[in-house]
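The structure under discussion appears below in the form of structure tokens.
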Amino acid sequence: MRIPLSWLLEYAQLGADGAAGVAVGEVARRLTAAGLEVEGVEQVGHDVSGIVVAQVAGIEELTEFKKPIRYCRVSAGDAGERQVICGAVNFAVGDRVPLALPGAMLPGGFEIGARRAYGRMSEGMICSAAELAIGDDHSGILVLAPDAPLGADFVEYAGLRDDVLDINVTPDKGYALSVRGVARELAIAFGGRFTDPADVGLPGGPDAIDAVSGEVYPATIEDPTACDRFVLREVRGVAASRPTPLQLRVRLARCGMRSVSLAVDVTNYLMLELGQPLHAFDRAALSGPIVVRRARPGERLETLDHVLRELDPQDVLIADSSGPISMAGTMGGLATEITPDSTDLVIEAAHFSARDTARMSRRHRLFSEASARFDRGVDRELPLRASARAAWLLASLGGGELVPGCTHASVPVPPVSVQMAADYPDRVAGTSYGRDTVIGRLRQVGCAVSDGTGQARQDQAGQARQDQAGQLLVVLPPSWRPDLTDPSDLAEEVIRLEGYEHIPVRMPRAPAGRGLTGRQRMRRTVGRALAGSGYVEVTSSPFGSAADADLMQLDLADPRRRAPSIANPLSQEEPLLRTTLLPGLLRVLGRNIGRGFADLALFEQGLVFLTRPQGQRVAPMLRVDRGPTPAEVAALDAALPEQPLRLAVVLSGDREQAGWWGDGRPAVFADAIEAARGVLAVSGVPYVVRPDQLPPWHPGRCAALYVESGEGTQWLAGHAGELHPRVAAAFGVPPRTCAAELDLSVIETAAAALGPVQAPVISSYPAATQDVALVVADTVPAAEVQSALAAGAAQAGSDVRLEDVRLFDVYTGEQAGPGRRSLAYKLRFRALDRTLTVQEASAVRDAAVAEAAARTGATLRGAS
């Protein structure tokens with residue numbers, strides 16, 4: 001939020017001597033230390049000079065040109081009269097205007113000089129609002145008020161010279177989206193006096209603002225959960241076309257808001273100063289009583305941005321008998337907006353539900369200054385005061401008549417009371433503040449503090465007295481701080497106002513000898529293995545939508561459809577947590593292909609989120625003054641979705657590049673399976689590969705990978721293969737894109753069950769290799785034959801080890817027979833204590849072939 005320093009200093013005194021001698025850099029430093037980060041300070045108007053308030057004494061119309069040109073005689077007070085060429089026609093003789101004399105400097109370093117134009121000598125320039133950087137209107141000259149002092153320095157008169165603070169307001173500090181909130185923090189930071197702008201400029205004083213009148217437009221609240229306070233006031237006979245005062249326009253411009261009209265400018269000005277969004281309706285466009293309610297099925301509303309919006313039943317609306325007229329706390333409707341012909345105005349101020357306003361603005365992708373404040377919570381006591389001041393300003397500036405009283409619809413809201421031990425901030429920060437300091441800081445932010453007996457302890461100066469008898473404080477947060485609901489919130493206020501730099505720093509000692517966890521070691525090992533194979537690691541978004549399951553062609557009963565929903569999603573398009581890594585990874589793949597990278601091999605390691613069978617529980621609120629107990633950690637884990645660690649890879653384009661060495665090779669489903677096999681190999685767990693069918697993979701090119709748990713059981717570790725063509729088309733990736741997804745949590749558990757990895761015994765004797773070709777039915781997987789060969793060699797009862805089995809050829813043809821194929825394997829044998837003879841290797845080979853024949857019905861090729 002952008003705020004001029006001069007506006008803050010109207011309500012915040014910087015110490016006993018005021019602002020004298022305090023640099024703007026020190027102001028920025030102290031606000032940042034208090035938790036309001038000042039991202040920048042812009043000096044505006046400091047480079048502007050040589051502009052005076054002048055009066056138009058005569059106008060000569062130059063008609064020989066195609067466009068309107070005026071030769072004006074302008075009186076500049078002590079500077080005398082000047083002749084100036086001007087192309088604008090929105091001023092007349094007698095009007096007072098800003099005149100840049102020769103030698104004047106405009107914003108941006110633009111210097112004005114005397115020059116000849118249109119056959120006349122122009123001695124300066126009459127300025128528009130855009131040329132003075134106080135608005136974007138350059139269609140006409142800035143006409144000043146008739147009582148503007150003739151010959152005065154325009155920079156001083158308009159207050160152009162200022163320092164503007166750009167403050168990053170975090171979501172928990174909605175009160176700081178106003179001059180009122182920042183000025184309060186500034187006064188606390190410097191120990192000065194604070195004047196509440198909510199108490200200034202109230203017609204009849206603070207005691208008269210809640211008077212209810214039957215003459216004001218009627219209103220009611222239909223849904224108390226959406227709005228608990230709604231105030232209307234009326235101003236009649238307003239000249240809506242009257243100009244906004246110059247000083248008000250300058251402040252709006254410094255805050256980054258453009259001037260629209262008197263009614264809009266007044267409501268925006270008060271929103272910036274007080275933090276209370278306001279809206280003005282054209283009374284002539286209203287019909288029937290106003291009611292605050294939820295949207296009804298089929299309702300629509302054209303908002304001020306000329307967009308016709310389909311309303312959701314959860315939307316909070318302001319409506320009359322004709323239907324919706326405003327999206328509450330977000331944007332008004334076009335049918336009731338203020339026009340130059342509007343004379344009777346209805347001013348609305350309300351306290352809407354922060355949650356409902358936030359969801360509505362995100363649902364419609366409609367973000368406004370008003371919704372930004374309602375999202376974070378506004379002061380419930382402000383609608384009466386802000387609307388009274390707005391009505392009074394419109395009546396006085398627009399020449400209208402203020403209708404006495406107001407319409408006030410309200411729902412009782414119980415006050416928030418927080419009990420906190422007096423030493424709780426001490427325990428949280430690890431330092432000693434003392435009871436008096438805690439109570440004093442809480443009172444500075446506006447809290448009412450009493451002891452546990454309900455008796456407020458204050459002396460005549462309003463300061464808390466030390467009393468060791470009562471250690472429990474009862475705190476009533478102020479209405480402008482809806483974020484203070486917990487003892488930890490109160491402790492944070494004390495700590496930040498005392499200064500985060502005073503919190504002692506103690507470096508924790510890391511326990512020696514533990515190193516990386518098993519999961520960390522596995523992630524690093526897997527990442528290095530895939531990177532060494534040419535894969536690039538990426539990180540995709542953990543959020544998704546229900547449409548992802550449809551794009552992946554998942555069955556309706558597939559558990560991956562039961563994704564946990566987010567209570568407050570960043571985007572309504574992605575309200576769910578992911579149950580699989582593939583949708584996000586495929587979007588990354590498609591984005592890179594769209595940018596010209598056709599040959600890609602990507603992988604990602606990340607958590608997925610699975611809904612527990614018994615449903616989700618409410619997570620406990622953990623204390624912050626100590627670490628959680630094992631029981632609290634277990635309760636927290638039970639309330640969260642299951643979060644297994646997954647690995648996914650995707651491949652597209654060429655797996656091997658073409659070059660002088662020959663042609664390239666496109667990525668095929670076998671490459672995805674091989675990537676999964678490589679991950680399992682470096683994990684050190686035995687595994688088997690079997691054909692399977694599971695969306696989103698192609699039913700004929702999908703493999704399931706199982707790991708052995710060490711207890712004779714097998715656990716499903718994941719799938720790999722080629723994506724179904726419809727899935728590839730749905731995600732916009734090329735046909736025959738391949739993918740794999742493995743559950744690293746299952747692999748890690750299996751590795752832990754097998755115990756520590758034992759280093760293999762290395763033999764110094766040479767290996768003996770033999771080839772074997774087996775004919776099997778074409779429905780028998782090659783991996784099953786390979787597993788049978790390994791099992792047969794192990795059961796041979798010999799000290800000869802089968803070190804490796806590798807498939808190197810597949811033959812289908814007349815010699816294999818119909819419905820059959822020949823699989824050729826290379827077997828590598830070795831002994832630890834000798835060089836193997838041909839007879840020894842052949843004996844183990846024959847045992848392996850016999851086991852393969854028993855399990856799969858294989859026969860030696862060429863055997864009768």
Quick one: length gained pulling Glu642 to Ala130 fully straight, 0.36 nm per residue minus the C-alpha distance?
178.6 nm
Near Ala816, within a Cβ-to-Cβ distance under 9 Å, what is the net charge of the other residues, with Lys and Arg +1 and Asp and Glu -1?
+1
Per 5 angstrom bin, beginning at 0 and ending with the bin that holds the maximum distance, the Cα pairs of segment 511-634 fall in percents of 2, 8, 13, 14, 16, 16, 14, 9, 5, 2, 0
Just to be sure I understand the model, the point goes 7 Å from the Cα along the line to the Cβ. What's the resulting Met121 to Tyr811 distance in nm?
10.8
Quick one: how many Å² of Lys173 are accessible to a 1.4 Å probe, rounded to 10?
20
Output row, site Arg562, 7 Å Cα→C-beta label point, backbone N cut-off 18 Å, window segment 610-638, residues 610-618, 638
Can you give me the angle between helix 782-794 and the longest principal axis of the chain, using Cα atoms only, in degrees from 0 to 90, rounded to the nearest 10?
50
Mean 1/r over all different Cα pairs, inverted: what Kirkwood radius does the chain give, in Å?
34.4
Sticking with the crude label model, points 7 Å out along Cα→Cβ, report the distance from Arg2 to Leu860 in nm, one decimal please.
8.9
Fully extended, how many nm does the chain gain between Arg665 and Gln572 (0.36 nm per residue separation, minus their Cα-Cα distance)?
29.3 nm
If the label point is 7 Å along Cα→Cβ of His138, which residues in segment 104-120 have backbone nitrogen under 19 Å from it?
104-113
Using 0.36 nm times the number of residues separating Ala510 and Ser213, minus their current alpha carbon distance, what extension gain do you get?
100.0 nm
Per residue of segment 537-554, what does 6.51 cos²θ - 1.76 cosθ + 1.60 with θ = phi - 60° give for ³J(HN,Hα)? Whole Hz please, x for Gly and Pro, Karplus curve as stated.
7, 10, 10, 9, 5, x, 9, x, 9, 5, 5, 4, 5, 5, 5, 8, 6, 6
Taking the dipole of the chain about the Cα centre (Lys, Arg +1; Asp, Glu -1; charges at Cβ), the one of Leu262, Ala667, Leu744 that reaches farthest to the positive side is Ala667
Return one number: the angle in degrees, 0 to 90 and rounded to the nearest 10, between the long axis of the Cα atoms of helix 838-856 and the longest principal axis of the Cα atoms of the chain.
60
Under a Cβ-Cβ cut-off of 15 Å, what is the net charge of the residues other than Gly527 that fall near it, where Lys and Arg count +1 and Asp and Glu count -1?
+3
Just the accessible area per residue of segment 535-590, please: how many Å² with a 1.4 Å probe?
49
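To the nearest 0.05, how large is the calculated FRET efficiency for Gln614 and Val416 if R₀ is 22 Å and r is the Cβ-Cβ distance?
Rounded to the nearest 0.05, the efficiency is 0.05.
Given charges of +1 on the Cβ of Lys and Arg and -1 on the Cβ of Asp and Glu, with all other atoms neutral, how large is the dipole of the chain about its Cα centre, in debye to the nearest 20?
Dipole magnitude for the chain comes out near 1960 debye.
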Out of Ala790, Val757, Pro735 - ranked by how far each Cα lies towards the positive end of the dipole of segment 719-861, with unit charges on the beta-carbon of charged residues - the top one is Pro735
Ranked highest first by the average count of other Cβ atoms within 10 Å around their residues, in what order do 558-565, 403-410 fall?
403-410, 558-565
Output ordering of 53-62, 108-117 (per-residue mean of other Cβ within 10 Å, highest first) is 53-62, 108-117
Compute the long axis of helix 582-594 from its Cα atoms, compare it with the longest principal axis of the Cα atoms of the chain, and write down the angle in degrees, 0 to 90, nearest 10.
80
So what is the diffusion coefficient of segment 135-207 in µm² per second by Stokes-Einstein at 10 °C and 1.306 mPa s, using a Kirkwood Rh over Cα pairs?
97
Long-range Cα-Cα pairs in segment 772-856 (distance over 22 Å), rounded percent
26
Residue by residue through segment 178-191, what is 3J(HN,Hα) from phi via Karplus (6.51 cos²θ - 1.76 cosθ + 1.60, θ = phi - 60°)? Round to whole Hz and write x for glycine and proline.
7, 4, 4, x, 5, 4, 4, 5, 5, 5, 5, 4, 9, x
In nm², the average projected area of the convex hull spanned by the Cα atoms of segment 355-408 is 5.0
Based on the Cα coordinates of segment 217-333, what is the per residue volume of their convex hull in Å³?
121
Would you mind working out the magnitude of the charge dipole of segment 730-859 relative to its Cα centre, with +1 at each Lys and Arg C-beta and -1 at each Asp and Glu C-beta, to the nearest 20 Debye?
220
Interchain or sequence-distant (5+) residues whose placed amide H lies within less than 5 Å of the amide H of Val97 are Ala54, Gln55, Val56, Leu144
Charges on Cβ only, +1 for Lys and Arg, -1 for Asp and Glu, centred on the Cα centroid of the chain; of Val649, Thr713, Gly596, which one is farthest towards the dipole's positive end?
Thr713
Sorted on mean Cβ neighbours within 10 Å (highest first), peptides 184-195, 533-544, 736-747 come out as 736-747, 184-195, 533-544
Accessible surface of segment 139-249, 1.4 Å probe, proportion on carbon and sulfur as whole %
51
Per residue, what volume in Å³ does the convex hull of the Cα atoms of segment 495-578 enclose?
243
Residues in segment 471-507 that a label on Asp423 would reach, taking backbone N under 14 Å of a point 7 Å out along Cα→Cβ:
471-473
Short to long, in 10 Å steps from zero, the percent of alpha-carbon pairs of segment 1-102 per bin is 12, 29, 16, 18, 18, 6, 0
Just how large is the dipole of segment 804-864 about the Cα centre, in debye to the nearest 20, putting +1 at every Lys and Arg Cβ and -1 at every Asp and Glu Cβ?
140
How far apart, in nm, are two points set 7 Å out from the Cα along the Cα-to-Cβ line at Glu537 and at Arg236?
7.3
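The values are calculated or read from the model by the stated rules, or taken from the named source; none is laboratory data. As the structure is a prediction and not an experimental result, all values here were calculated from the model. Here Cβ is always computed from backbone atoms with ideal geometry, including for glycine, and neighbour counts include all displayed protein chains. Accessible surface areas use protein heavy atoms only, side chains included; no ligands, DNA or RNA. Shrake-Rupley method; radii C 1.70, N 1.55, O 1.52, S 1.80 Å.
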